[in-house]
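Asks: Here you go, one structure.
The values are calculated or read from the model by the stated rules, or taken from the named source; none is laboratory data. Being a predicted model, the structure only gives us computed values, none of them experimental. So basically every Cβ, Gly included, is an ideal-geometry build from the backbone, and we count neighbours across all protein chains shown.
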Amino acid sequence: MNLSPQLVKCLVGTAAAVATACLATTALGAGWILPVYGENLGTSAPTMTMGGIQMTPFLLDSRPIFSDVNTVESPLGGSLGFDMNVSHRVIGNGWATWSHGYSGSVYATTSNSLTILLPADTVAFHFYAEPQNWGVFNMSATASNGSGSATMSFAVNGFAGAHGFGFWTPSGTITSITITCADTGGFAVGEFGIAVPAPGSAVLLAVFGAAGRRRRAR
């Protein structure tokens, strides 16, 4: 069965925490596309899984408060990067409020736009974001899988209203996420969670691919 390269599959969840966002797809030869899905995490604590994928939270950043950084070490190896320097803060020490009791590291910028460059092989990622000023501002997150992108947007409260954005793909990877905020005072992002392919999954995909090629050859 050949699928049109323009076909986009949407995930419409039944749970309130699942956004109906339908994101970019990547063509893999004739008849193959890879969807990327978005989940609205709201102001509640993050779930342990997204799309059935086990998430691993980032650890508390040991670097000094107010230090300028442009990378954060991933708990699964490698590092994520930012497209500019951001200021390392901790809730209650350099950043006043968040939501759902989180008290760990966040990264602040005075810009109204920031791009997160994800580690290689990232298949799922979530983060929370909150405006600098104590008001309600629109915030958007755009996920890219290397060939296209799409956006989720929410009204986010700068007073104890950090809002969670989640993205995952059942195959392929997510390469970057760009966040924008209507608050000209800037915003902070933090409370990261990440997933990479399970050990052996690449080997299994290679085996299935080889089997499929042999069947086509016969």
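Asks: Looking at the stretch 46-78, which of the residues that are of a type in the set (Val, Ile, Thr) and not in a strand (DSSP E or B) is modelled with the lowest pLDDT? Break it down into steps so the answer makes sense when it comes.
Replies: Of the stretch 46-78, the ones of a type in the set (Val, Ile, Thr) are 47, 49, 53, 56, 65, 69, 71-72.
Next, from what is left, pick out any that are not in a strand (DSSP E or B): 47, 65.
Working: 47: 90, 65: 97.
Checked the stretch 46-78; the qualifying residue modelled with the lowest pLDDT is 47.
Asks: Then there's this: Would you be able to tell me the number of residues in the stretch 79-113 that are over 24 Å from residue 138 (Cβ atoms) and outside any strand (DSSP E or B)?
Replies: 4
Asks: In the stretch 159-170, which residues are of a type outside the set (Ser, Thr, Tyr), under 26 Å from residue 146 (Cβ atoms) and assigned to a loop (DSSP other than H, G, I, E, B)?
Replies: Once the filter is applied, which keeps residues that are of a type outside the set (Ser, Thr, Tyr), under 26 Å from residue 146 (Cβ atoms) and assigned to a loop (DSSP other than H, G, I, E, B), the stretch 159-170 yields only 170.
Asks: Can you name the residue in the stretch 92-106 that is in contact (Cβ under 8 Å) with a residue 24 or more places away in the chain and touching a Ser or Thr at 6+ places or on another chain (Cβ under 7 Å) and is also nearest to residue 159 (Cα to Cα) among such residues?
Replies: 99
Asks: Provide a single number: the residues in the stretch 96-113 that are farther than 13 Å from residue 85 by Cα, surrounded by fewer than 20 Cβ atoms within 10 Å (Cβ to Cβ) and either of a type in the set (Gly, Ala, Ser) or modelled with pLDDT under 95 (or both).
Replies: Number of matching residues: 4.
Asks: Related question: If only one of 173, 151, 180 is part of a loop (DSSP other than H, G, I, E, B) and under 15 Å from the mean Cα position of the chain (by Cα), which one is it?
Replies: Just one listed residue meets the conditions, 173.
Asks: Given the criterion modelled with pLDDT under 50, among the hydrophobic types (A, V, I, L, M, F, W, C), assigned to a loop (DSSP other than H, G, I, E, B) and crowded, with 18+ Cβ neighbours inside 10 Å, identify the matching residue among 19, 24, 15.
Replies: Result: 19 is the single residue among 19, 24, 15 that is modelled with pLDDT under 50, among the hydrophobic types (A, V, I, L, M, F, W, C), assigned to a loop (DSSP other than H, G, I, E, B) and crowded, with 18+ Cβ neighbours inside 10 Å.
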